[in-house]
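Here it is, the structure in full.
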Amino acid sequence: QTFNNSDSLEILWSSFGDVNEKLDLYYSVDRKINGVLDTTKYYPKSCILPEGTSGWLMIAEDIENIGSYKWSLNAIQATDSLRIKIIESKANPACDINGHYIRITGNVRTAHKTEVSSVYQNLKSKIK
């Protein structure tokens, strides 16, 4: 899937069992986590983010387990490697990671227009 960083992304999930547990949401834009190539496979050790774990950044902490969360992508740079991780229950962690990388595009047209306008203004001032 491809989204623009001016979009909001609705993160959806299904839970079974105790849905009263709070969730933490993380994202990564790095294909390597702690120097090891990340995979789309689920591993129980992936549910724990020990202190010093690099590559995963917090989206939201202790959110209600209601099956969805709307996340603004404004702070995300263009990438083809966005991953999302949901961790449930800190005492006995269960988690999941989205199965495919998500592509985020930047607002290229606006940046390009600003660049061109700036170059035009510089040329205009030199011509005078």
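Quote to one decimal, in nm, the extra length available between PHE16 and ASP30 on full extension: 0.36 nm per residue of separation minus the C-alpha distance between them.
Between PHE16 and ASP30, full extension yields an extra 2.1 nm.
To the nearest 10 Å², what's GLU61's accessible area with a 1.4 Å probe?
For GLU61, the solvent-accessible surface is approximately 110 Å².
Multiplying the sequence separation of ASP7 and ALA60 by 0.36 nm and subtracting their Cα-Cα distance, what value in nm do you get?
Fully extending the segment from ASP7 to ALA60 adds 17.3 nm.
The values are calculated or read from the model by the stated rules, or taken from the named source; none is laboratory data. Every value quoted in this text rests on a predicted model; they were computed, and no experiment measured them. To get the accessible areas, we keep the full protein, side chains included, count just its heavy atoms, and leave off ligands, DNA and RNA. Shrake-Rupley method; radii C 1.70, N 1.55, O 1.52, S 1.80 Å.
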